Amino acid sequence: MVDTVKLVLRLDQMSDKQECCFPYLVGQKTNENGEVVARYYERESIVSPATGAKCKVRALSADANTLGPVAGYEMEVNVPACMNGRNHLLVNGVPRATECAFELLRYYAADRGCTTFGLAQFMLENVRLSSVTPTFLFVFDTPELSLAHLRELRDYADGLLNHEQRSRASKRKKGRPCCYTVGADECFTLYIKLREFTIIAYIKQQNVPDAFETFPSPEVEQELVEMASRTIRVEVEVHGKWLLENGLDDPEAWRENPSAYEKVFQLVRDTLRLDEGLRIRAPSEATIVKLPADHQTVLIAHLAGENIRDHELVLDCAGTVEQVIDAQNKKFSAFKRMALDVAAIDLSIPWEIQSTKLSAHLKDWLKVRKEFEPTDSIKEHVFSRTSFKTAVAAVKAATEERLANRPDEAAPAKTTSAKRWDVSDLDVKPYLDDVGSNDPGIDDLDVGGFD
């Protein structure tokens, strides 16, 4: 259910360097003369003791923009890869994924020389999420059906999000559209990047460069690869601002909370406007005559291929340049709103696009239903409730092994309840988007019992 988590751990108290030995890596910037102009805590890669996959960690300073005492850590983990060695299929929710990432962070600290006293300050209740990627699986009967449905999703998203009509006089923004694909038609990943979240949809392929995967046997590999080839993965990465505003930055807020996952997936349906009933067939005359006369004229012109922003009924305004632009925008908005309400047609999208790229069936399958259930033969080999305990135990054992021959420098710190806080309390700089799934890209997910 969760692919990648980015978390922030705040240390309740900052003890001196000798008794804690909190690990860190220092980076620096130099100018053209070779002079150091900035020093900072650098992000570094660590290797999971469970699988050998890599994740990222960075120490956080107590003092913004300086190398002050270590006050916490930020970490980014592709949990299935780091705990199971593969992420073809997955079940577990946010709390379990967070616990896995937390144990990997403890292992990193112990491996780098953090003392027992220092490690005692790592408390799970002090973890907050800065990003999380719930992943929804849609399993079809054949790879061909899966690819056909992914193409349906791609065409719908492109038609809806990339074809907004503008006035001839308006300036078009440069740059990549918010919706785009990477890869060939037979093997592609769909991206929809918005301010507070990113939607990624793909079918997992074999032999993807830089993608980490290991298999315990050829038989397990065959079964996982076969099922993955007919499964569409829809990943929704929600960022810190959205998590905080929705009260979901605390991992415990997700436990036994099906509405949290529903809320995330509703972002997909809202982005694609699947609940608006946008039509793909031309409206009947009986529908058109329900509109006022000038609205009928505009709708008929739209159906004939005209850009309504340049229609005379929109352009006919008087006043200063600013007043004319404002009046034209208001006129267009009024025509658009009426056409949507009466005929389910969006005047900002060319009718040729709406009638050919949008689908009447996408809304029926792209929704949350029941949770993916791995078969007995693979549940130990995917990120599931069954494999979770084994994987966490392995990481904890590796941590204890690092501590086994290390004398305690001081008594363990007291464990206290953490106060409510958010990631803005620390000097947290966003990660670059280079960690997580590198994959290209109908059972729905039940939202009951996620933990």
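The values are calculated or read from the model by the stated rules, or taken from the named source; none is laboratory data. Remember, it's a predicted structure, so these values are computed and weren't measured experimentally. All Cβ positions, even for glycine, are placed from backbone atoms using ideal geometry, and neighbour counts span all protein chains on display.
Brief remarks follow.
- If you go through the stretch 354-387 and keep only what is more than 30 Å from His163 (Cβ to Cβ) and surrounded by fewer than 18 Cβ atoms within 10 Å (Cβ to Cβ), you end up with Arg369, Lys370, Glu373, Thr375, Asp376, Ser377, Lys379, Glu380, Arg385, Thr386.
- Screening Gly52 against (1) part of a strand (DSSP E or B); (2) within 25 Å of Thr133 (Cα to Cα) leaves a single unmet condition, (1).
- Residue match in the stretch 276-291 (condition: more than 23 Å from Ser355 (Cα to Cα) and either modelled with pLDDT of 95 or more or in contact with a helix residue (DSSP H, G or I) (Cβ under 8 Å, 6 or more places away or on another chain) (or both)): no
- When the helices (runs of 4 or more DSSP H) confined to the stretch 229-299 are screened for residues that are among the hydroxyl-bearing types (Ser, Thr, Tyr), those reaching at least 2 such residues are found at 258-271.
- Picking from residues in the stretch 87-132 that are at pLDDT 95 or above and assigned to a strand (DSSP E or B), the one that is farthest from Leu248 (Cα to Cα) is Val127.
- Answer from Gly34, Gly72 - the residue that is buried (at least 24 other Cβ atoms within 10 Å of the Cβ) and more than 22 Å from Ala391 (Cβ to Cβ): Gly72
- Odd one out for Leu303, checked against (1) of a type outside the set (Lys, Arg); (2) at pLDDT 95 or above; (3) more than 22 Å from Glu352 (Cα to Cα): (3)
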